[in-house]
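Below is one structure, written out as structure tokens; the observations come after it.
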Amino acid sequence: MLTYKELIELREKLASGEISLELAKAQYWKDFKEGQRSWHTKDWKERRCEFIKCKCEICSSNETLTLQHLSHPKKFSEHLTEVTKIYAKDYIDSNPEIDKSELRNYILKNYDYFPAPLCPNCQSRKPNKRIRKVPQYFCTECRHEFDETITKSLDELISTFYKNEEAIEVLDKCFVSNDGWKNKHNLSSIRYWLQRQRTKNQDAEAIEKKAFLLYLNDNIKYLSFEDTITACKKCASTFDLYNMELCPKCKAYYKGVQYPTCVQCLPEDKRKTALEKTELGKQMHELHKGLGID
């Protein structure tokens, strides 16, 4: 695992073009071990001494102190997704049109089409299917009864989409990706993924380089202890596990980080309401637990 200074040097070399993206990635992942953490390294422990204070900045305790990070690095895949979205938007803004035949071929290659059933009389979508009565189908729009529905072909649906993207029939998520995810899409979202794929094909290296630089920046910030406070074990674990911190008013009870004070420090009327809600929540939890649905 690279040290803090080595990470900064790697980022500068990549940003300036002194080394390639592939070499930068190879240097970063070299000797990387699964489960290895930065705070286990000698570099971390040595620099930690420069930043950690003599008491908890939350409760003033001096027992079992640690550096508590208030933010954490994103995964490289998360940065890659975000950067790809930005590039895709720029590409779509400058290249909004997609040839009809190209969209059709992309669908045939990547999706299975499950057309919505239609009434043969008025082409109303999804007529009622009856279990016991015959004919089996009943259209609530035109009151027509029939045994067999009709469907629109892929070409018909695409033609409708190119005429009116807001037409009700093209909003159906009737396309299922034929990969392992089996995601459902409509024509609008399929067009987006086609344009996004074009973007990735056109700017793959630029996208990956920008994402990797952001990833390095995130890790450099984390190792710099820039966004940290000194916290005791109790305050640190309460923040990490429950997203709670010590109430700044009473310094005795913990509160959710989104609230200004703890329940005990609320005005009497609000405190009573909050305690009643808490008690009701406990009772519901016990009830669900007793019924085996918790």
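What the Cβ-Cβ distance of Thr278 and Thr81 gives, at R0 = 45 Å and to the nearest 0.05, is a FRET efficiency of 0.75.
For the chain, the Kirkwood hydrodynamic radius from C-alpha pairs, put into Stokes-Einstein at 10 °C and a viscosity of 1.306 mPa s, yields a diffusion coefficient of 62 µm² per second. Peptide packing: for 208-221, 244-257, the average count of neighbouring Cβ atoms within 10 Å per residue gives the ranking 208-221, 244-257, highest mean first. Net charge dipole, the chain: roughly 900 debye, given to the nearest 20, about the Cα centre with Cβ charges of +1 for Lys and Arg and -1 for Asp and Glu. Using every pair of separate Cα atoms, the Kirkwood estimate puts the hydrodynamic radius of segment 78-206 at 16.7 angstrom. Extents of segment 142-210, largest first, come to 60, 30, 16 Å (Cα atoms, principal axes, whole angstrom). A protection proxy built from the mean count of other Cβ atoms within 10 Å ranks the segments 273-281, 122-130, most packed first, as 122-130, 273-281.
So for segment 247-291, what percent of the C-alpha to C-alpha distances run longer than 17 Å? I get 44 percent for the Cα pairs in segment 247-291 exceeding 17 Å. With only Cα atoms counted, segment 173-294 has Rg and Dmax values of 24.4, 62 Å. Select from the chain the helices, each a whole stretch of DSSP H, whose alpha-carbon atoms run 24 Å or more along the helix axis and whose Kyte-Doolittle mean is at least -1.0; answer none if there are none. Qualifying helices, which must be both long enough and hydrophobic enough, are 76-94, 187-223. Cysteines in the chain lacking any other cysteine Cβ under 4.7 Å from their own Cβ: Cys49, Cys54, Cys59, Cys174, Cys235, Cys250, Cys265.
None of the figures in this text is laboratory data; all of them are computed from the coordinates on show. This is a predicted model, so every value here is computed, not measured. When we count neighbours, we look across all protein chains shown, and the Cβ atoms used for this are built from the backbone with ideal geometry, even at glycine.
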